[in-house]
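The values are calculated or read from the model by the stated rules, or taken from the named source; none is laboratory data. Everything numeric here is computed off the predicted structure, so don't read it as measured data. Neighbour counts are summed over all protein chains in view; Cβ atoms, including those assigned to glycine, are modelled from backbone coordinates with ideal geometry. Ligands, DNA and RNA are excluded from the accessible area calculation, which covers all protein heavy atoms including side chains. Shrake-Rupley method; radii C 1.70, N 1.55, O 1.52, S 1.80 Å.
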Amino acid sequence: MTTSELGHQIRLVLNEGGTLPVDATTLKDGDDLYAAGLTSHATVNLMLGLEERFDVEFPDRLLRRRTFESIDAISAAVTELLASKKAA
Amino acid sequence: MTLLLARARQVGSEVAARHAESVDRDARFPREAFDALKQAKLLGIAVPRAQGGDGAPISDIVAVCHALGQHCGSTAMIFAMHQIQVACVVRHGQDSAWHRKLMERLAGEQLLLASATTEAGVGGDVRSSVCAVERKGKRFTLQKNASVISYGADADGILVTARRAADAPASDQSIVPVLKGEYTLERTSGWDTLGMRGTCSDGFVLRASGDIAQVLPTPYAEISAQTMLPTTHLTWAGVWLGIASDAVSRARAFIRAEARRKPGTTPSGAVRLAETVNLLQFMRANVVAATRDYQRAMEQAEALTALSFAVEMNNVKTGSAQMATQVINHALLVCGLAGYRNDGPYTVTRHLRDAHSAAVMINNDRILANSAGLLLALKDEPELFA
Ligand SMILES: Cc1cc2nc3c(=O)[nH]c(=O)nc-3n(C[C@H](O)[C@H](O)[C@H](O)COP(=O)(O)OP(=O)(O)OC[C@H]3O[C@@H](n4cnc5c(N)ncnc54)[C@H](O)[C@@H]3O)c2cc1C
């Protein structure tokens, strides 16, 4: 999956869950999602949406603020999880 | 024992204990205990040394809450609530001159800080506000219909949560300390309750104005998750543990007296006492472990944002609240009628009444619902000695 495709899919998840009070397609990859209205509670739904879409599991060590702070950060986490799935 | 703790124990046993009964009966502010705590310079212990305090870590604060809780639940709870406010200023105000000055005053003048988070209309949901910081140039005004402000009338300042600005959504909150002289309180309800009567948690309409620089620069969402919530749950748990510990001490004294009266026989309540001490140990271990974990997490800001940390901090509150009444109930059974009486050396009625506040003070069901959400994401079983 290309980076831009990954970013697109993440935006779809953000919009599906109603995770943000704004349309995720208007956000840049580096924008702070917490500033855009992401709450710690919404990160749970966001994570569940990402797990469903990419068929991955987020281990507890990734369940912290930094993992979800931007679309870039989420891309990095998903990329890591997809790579370790392939290796397994 | 640290020197701080020795000072706290002295205030507890010599002052707070002596007035606990009248504080409870008359639902009055524990004036004598707070005069003594100020005199012993215990209100500013969490302020960093650079600002004139002792730089006391959370373990010391929880230990003092526990020590005071053994003598007067209301005194201990007020001390805890004050320390929660101090922690927010200390951990999130270091980059601001106004807040550093406040820290100096907290240590130097031993100011007492109260809290106005609860608001008519949103109940116990501390993460949303109706009222807002209304900015006008370099000044702000703020009006809050605060349904509960413990010792509001006796405090030297109040930390108020509000929406960051007039057009901010309910969850986009700031926290603002306002000091005596900058606010008025119009009393809207009294505090005639089952327990924690000395906290004098009246309702007020609070009207404040001040300098924009007073608003803590960090968003409340962060302050809440990293400081206010863990400090609240740990200090409260310390208070409840103290109350429960004293009830158990009374049960032990009761059984010893029985044993002395009939040497050679084990008093019939002794087995129940053993079970009670067992429960108390659970409660104690929970508070100690969670306090150490918070202390460790504070050294690496990332750890404070982990969902697993939030669940652990929730559990120390709900678990301690539940166990406090359970332990005291057991102590009551051990002491029997002597425990059920409102007078005499073995009474545990005030303990039981005070401890019943624990489950409603930010309702356990609300906190469990919060954990339930977080648990949808968590998967691992952490190492035992991680
Ligand atoms: C001794 C004491 C001192 C206090 N001092 C202060 C103070 O100084 N400053 C301050 O601001 N506040 C203070 N409070 C208030 C406290 O912080 C809580 O806001 C208050 O106890 C909650 O009140 P409530 O039960 O009306 O509201 P709620 O929390 O709204 O609870 C009402 C009912 O709704 C249920 N409920 C609500 N939400 C949920 C949910 N999400 N999931 C499941 N059930 C739910 C609860 O179980 C409960 O039955 C104090 C409270 C006490 C007991």
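Descriptive notes on the structure:
- Of all residues in segment B:107-119, those that are within 11 Å of the ligand (Cβ to nearest atom) and in contact (Cβ under 8 Å) with a residue 60 or more places away in the chain total 2.
- Selection of segment B:168-224 for residues being away from every other protein chain (no Cβ under 14 Å), small (G, A, S) and within 16 Å of the ligand (Cβ to nearest atom) yields B:S174, B:S189, B:G190, B:G195, B:G198, B:S201, B:G203, B:A208.
Table: residues versus (1) within 13 Å of another protein chain (Cβ to nearest Cβ); (2) within 11 Å of the chain's Cα centre (by Cα); (3) open to solvent by 50 Å² or more (accessible area, probe 1.4 Å); (4) of a type in the set (V, I, T).
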| site | (1), (2), (3), (4) |
| --- | --- |
| A:S4 | no, no, yes, no |
| A:R11 | no, yes, no, no |
| A:P21 | yes, no, yes, no |
| A:T26 | no, no, yes, yes |
| A:F68 | yes, yes, no, no |
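- Scan of segment B:346-386 for residues that are over 23 Å from the mean Cα position of the chain (by Cα), open to solvent by less than 20 Å² (accessible area, probe 1.4 Å) and within 14 Å of chain A (Cβ to nearest Cβ), ordered by number: B:G373, B:L374, B:A377
- Contact map, segment A:42-55: first residue under 17 Å from B:N370 (Cβ atoms), second residue of a type in the set (S, T, Y), Cβ cut-off under 9 Å, separation 6 or more or different chains; pairs are A:A42/A:T19; A:T43/A:T19; A:T43/A:T67; A:N45/A:T19; A:L46/A:T19; A:M47/A:T67.
- Pairs, first free of Cβ contacts under 8 Å to residues at least 12 places away in the same chain in segment B:359-373, second open to solvent by less than 40 Å² (accessible area, probe 1.4 Å) and more than 7 Å from the ligand (Cβ to nearest atom), C-beta under 8 Å, six or more apart: B:G373/A:V44
- Residues (more than 14 Å from the ligand (Cβ to nearest atom), part of a helix (DSSP H, G or I) and open to solvent by 10 Å² or more (accessible area, probe 1.4 Å)) located in segment B:68-106: B:A87, B:V90, B:R91, B:H92, B:A97, B:W98, B:R100, B:K101, B:E104, B:R105
- Among (1) assigned to a helix (DSSP H, G or I); (2) in contact (Cβ under 8 Å) with a residue 40 or more places away in the chain - the single one A:K86 does not satisfy: (2)
- Apart from one condition, A:S75 fits all of (1) surrounded by 20 or more Cβ atoms within 10 Å (Cβ to Cβ); (2) among the polar types (S, T, N, Q); (3) touching a residue at least 40 places away in the same chain (Cβ under 8 Å); the exception is (1).
- Taken over segment B:357-380, residues that are near the ligand (Cβ under 9 Å from one of its atoms) and in a loop (DSSP other than H, G, I, E, B) amount to 3.
- Residue count for segment B:134-164 satisfying the condition of being more than 14 Å from the ligand (Cβ to nearest atom) and either open to solvent by 40 Å² or more (accessible area, probe 1.4 Å) or within 14 Å of chain A (Cβ to nearest Cβ) (or both): 10.
- Residue among B:F254, B:F282, B:F204 that alone is more than 24 Å from B:V126 (Cα to Cα), aromatic (F, W, Y) and crowded, with 21+ Cβ neighbours inside 10 Å: B:F254
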